[in-house]
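Take a look at the structure below.
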Amino acid sequence: MESLSPLFETFVLVLLAEFGDKSQLVTMTLAARYKHWPIIIGSISAFAVLNLLAVVFGATVSHWLPMWLVALIVAVLFIYFGLQSLFFEEDEDDADQVKVGRQLILSVFMLIFFAELGDKTQLAVAALGGLQNPWLVWLGSTLALGVTTVLGVEVGRKLLQRMPLVWIHRGSGVLFLVMGLVALYQAYEQFVALA
């Protein structure tokens, strides 16, 4: 049986990276105005599709490029995202610009899909999908985004009132940097093995 560690690694990374991110702020704002279940269903559906696109892209690219180069790209992306999260500055305008039409589930799906398309988390999922089992990465990332969505809808607003958003982003920044350094080491090992 294949190791489930990619599932757990992806879950933790994505959970910390997305906690307090714009998509969670959007779901919190929507939950203050609308019923919870359509928001949860629309958001998780959008994340599942985005993650599927990401892992398919990552797995496809990994077959065309040498593994050391894929690991190096992953390292650079993770270090970039880590630095970006460490130097995060709170912007209150993101959560206030939410507009939803009649079909709430479809509106939430489209809103989350286009807001997160090409986001750092999707790029990280694509990178992980190129290095590890893509289906475990998809499952781990989708579960993590589902958890952040439910937390955003149910308890996120209360938690964010007690803990500054900037500290949540700094924690995810440190995690991204650590994962980036691990990927950099893997790239070095794979490059040396070829020499």
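The values are calculated or read from the model by the stated rules, or taken from the named source; none is laboratory data. Because the structure is a prediction, the values reported are computed rather than measured. Cβ placement follows ideal geometry from the backbone for every residue including glycine, while neighbour counts extend to all protein chains displayed. Quick note on the areas: whole protein, heavy atoms, side chains included, nothing else; ligands and nucleic acids left out. Shrake-Rupley method; radii C 1.70, N 1.55, O 1.52, S 1.80 Å.
Just a few scattered comments:
- If you filter the stretch 60-86 down to residues that are modelled with pLDDT of 80 or more, over 17 Å from the mean Cα position of the chain (by Cα) and not aromatic (F, W, Y), you find that the one that is farthest from E18 (Cα to Cα) is P66.
- Single residue of the stretch 10-60 satisfying the filter (of a type in the set (F, W, Y) and either closer than 14 Å to G146 by Cα or touching a Cys at 6+ places or on another chain (Cβ under 7 Å) (or both)) that is least open to solvent (accessible area, probe 1.4 Å): F47
- Taking (1) modelled with pLDDT under 80; (2) of a type in the set (V, I, T); (3) in a helix (DSSP H, G or I); (4) more than 20 Å from S141 (Cα to Cα) in turn, V100 satisfies each apart from (3).
- Test: residue in the stretch 170-182 that is open to solvent by 20 Å² or more (accessible area, probe 1.4 Å), out of contact with any Asp or Glu (no Cβ under 7 Å at 6 or more places or on another chain) and at pLDDT below 70: no
- Yes/no for V26 being within 14 Å of the chain's Cα centre (by Cα), modelled with pLDDT under 90 and of a type outside the set (D, E, K, R): no
- Counting residues in the stretch 10-20 that are assigned to a helix (DSSP H, G or I) and at pLDDT below 75 gives zero.
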